[in-house]
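I'd like to ask you about the structure that follows.
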Amino acid sequence: MAFSPDYRTYSAAPATTDVIDAGLRAYMLRVFNWMASGLLLTGIVALAIANTSLINAFYPAVMLPNGRIVHAPSILAMIAMFAPLGFVLVLSFGVNKLSRSTAQTLYWLFCAAMGASLTNIFIIYTGESIGRVFFITAATFAATSAWGYTTKRDLSAMGSFLMMGLFGIIIASVVNIFLQSSGMQFLISIIGVVVFTGLTAYDTQRIKADYVQFAYADGPDEAAKRSVYDALNLYLNFINLFMLLLQLLGNRNNN
């Protein structure tokens, strides 16, 4: 295989390569299971808050002078919005210090916090359009990830370009907070979809390429911990792609 060491000088090469290939398939399955389980937890938390009285603690209804009712974010909602970033920073800076169980626990807490932060989409968009965009996102993600896993093309150069695009999107989004330009927001969403679709393919290939060096070579415990970090990268790609597609294709509520 392309990402395994050169065993051609050893008679046991086929067996060794088969072991690595089997381990890679099992590792990738573990990564995608972590990602899917995280998305499921995020969805459960978001739905639980949106469909119970808890929504009033996050987004209480406020009547404007003109009689219109809006849902303003409370302090709890603001905390929920920034909490996922805190978990990501802890996981990122603690990659070499955190134990396997700690990394896993932080991942679950991050996914739950992300669910709380996404509750407002059920206020802004119709449930039908949220479900439709989710399945569009899932199909796009699956196709792109499969291509990243199977392609023989080296996506390293594309990854560097996409990271520059990601920083550009972040800067443009911050600027648009003050400009409030719908045209700029539309452009950011379009470019963002391209960037995160590309990053999905790039990250999938990177995870595959890194398996021998960081997971197979360092033993099962390191592989178990690293699978959480790899799942986190794919999870973030999925969530960002979903939110950008929702901005483009979602139907807003009339309230």
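The values are calculated or read from the model by the stated rules, or taken from the named source; none is laboratory data. From a predicted model like this one, the values you see are computed outputs, not experimental measurements. Every residue, glycine as well, gets a Cβ built from its backbone with ideal geometry; the counts of neighbours run over all protein chains shown.
Can you tell me which residues in the stretch 102-159 are over 30 Å from Asn253 (Cα atoms) and in contact with a Ser or Thr (Cβ under 7 Å, 6 or more places away or on another chain)?
Residues satisfying the conditions are Thr144, Ser145, Gly148, Tyr149.
Here's a follow-up. List every residue pair whose Cβ atoms lie under 6 Å apart, where the two residues are 6 or more positions apart in sequence or sit on different chains, the first residue falls within the stretch 68-86 and is over 18 Å from Leu54 (Cβ atoms), and the second residue, located anywhere, is not in a helix (DSSP H, G or I).
Ile69/Ala61; Ile69/Met63; Val70/Val62
Considering each of Phe110, Phe87, Phe122, Phe134 in turn, give the residue that is at pLDDT 90 or above and more than 17 Å from the chain's Cα centre (by Cα). Please lay out each step first, then the result.
Numbers: Phe110 fails: more than 17 Å from the chain's Cα centre (by Cα); Phe87 fails: more than 17 Å from the chain's Cα centre (by Cα); Phe134 fails: more than 17 Å from the chain's Cα centre (by Cα).
Residue meeting the stated conditions: Phe122.
If Ala13 meets every condition in (1) at pLDDT below 75; (2) surrounded by fewer than 14 Cβ atoms within 10 Å (Cβ to Cβ); (3) hydrophobic (A, V, I, L, M, F, W, C) apart from one, which number is that one?
Single failed check for Ala13: (2).
Something else: Only residues in the stretch 38-65 that are within 18 Å of Leu109 (Cβ to Cβ) count as the first member; pair them with residues that are in a helix (DSSP H, G or I) and among the β-branched types (Val, Ile, Thr), Cβ under 9 angstrom, at least 6 apart or cross-chain, and list the lot.
Note: pairs meeting the criteria are Leu39/Ile239; Thr42/Ile239; Ala46/Ile121; Ile49/Ile55; Phe58/Ile49.
Then there is this: Just to be sure, is Thr119 surrounded by 18 or more Cβ atoms within 10 Å (Cβ to Cβ) and part of a helix (DSSP H, G or I)? If you could, list the steps in order and put the result at the bottom.
Values: surrounded by 18 or more Cβ atoms within 10 Å (Cβ to Cβ): yes; part of a helix (DSSP H, G or I): no.
Answer is no for this residue.
Further, regarding this structure: Say whether the condition of being touching a Gly at 6+ places or on another chain (Cβ under 9 Å) and more than 28 Å from Ala224 (Cα to Cα) is met by at least one residue in the stretch 59-79.
No, every residue in the stretch 59-79 fails to be touching a Gly at 6+ places or on another chain (Cβ under 9 Å) and more than 28 Å from Ala224 (Cα to Cα).
What is the number of the single condition among (1) more than 21 Å from Leu241 (Cβ to Cβ); (2) among the aromatic types (Phe, Trp, Tyr); (3) at pLDDT 90 or above that Phe214 does not meet?
(3)
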